[in-house]
1. Which residues, taken from region 8-30, are assigned to a helix (DSSP H, G or I) and within 17 Å of S67 (Cβ to Cβ)?
2. Those residues that are free of Cβ contacts under 8 Å to residues at least 24 places away in the same chain and within 19 Å of P16 (Cα to Cα), I need them from region 35-61; list them, please.
3. Condition first: open to solvent by 90 Å² or more (accessible area, probe 1.4 Å) and under 12 Å from the mean Cα position of the chain (by Cα). Can you find one or more residues in region 64-84 that meet it?
4. What pairs come out if I take residues in region 62-86 that are assigned to a loop (DSSP other than H, G, I, E, B) and pair them with residues that are open to solvent by less than 100 Å² (accessible area, probe 1.4 Å) whose C-beta lies under 7 Å away, six or more apart or interchain?
5. How about region 57-75: which of its residues are under 15 Å from P26 (Cβ atoms) and out of contact with any Ser or Thr (no Cβ under 6 Å at 6 or more places or on another chain)?
Amino acid sequence: AEARTTLALLSGGAIPSPEELGVEYPAYLNGIAEAVGEMRRMLLDRLRRGAYDGCEDILRAMDEIYSVLVTIDFPDAMTGGLRRTTDQTRGILEKTRGDLTMAILQRDAVAAMTRKAGE
């Protein structure tokens, strides 16, 4: 579920359903939550290459996943520990948001200094 969800999100496709993947809902939901960590890695790899295009889209997809996961309120015994995984997802999301914000601010500051030096 994690791999197929990650692939779908990063290629712009639709997230496959649990039925398409042949998995139970707890595994499906935990897989989607785990995909957020993979998306963070992809976003950071893009930033390291200086490729900012698409980073906001990745962050938005991560945020949408968290927004769905946080609404699921069933006992952990039924969800396979989804509450803990959702909490970890929130931490990954917020850290990624901060990293992307700082990278954009630094890029813009360097561009402004370069323009200023060229005057």
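The values are calculated or read from the model by the stated rules, or taken from the named source; none is laboratory data. The structure presented is a predicted model; accordingly, all values stated were derived computationally and were not measured. Positions of Cβ are backbone-derived with ideal geometry, glycine not excepted, and every protein chain shown enters the neighbour counts. Side chains included, ligands, DNA and RNA excluded: accessible areas come from the protein's heavy atoms. Shrake-Rupley method; radii C 1.70, N 1.55, O 1.52, S 1.80 Å.
1. L9, Y28, L29, N30
2. D57, R60
3. Yes, there is a match, as at least one residue in region 64-84 is open to solvent by 90 Å² or more (accessible area, probe 1.4 Å) and under 12 Å from the mean Cα position of the chain (by Cα).
4. The qualifying pairs are V70/T86; I72/L29; I72/T79; I72/L82; G80/P26; G80/A27; G80/N30.
5. V68, I72, D73, F74, P75, listed by residue number.
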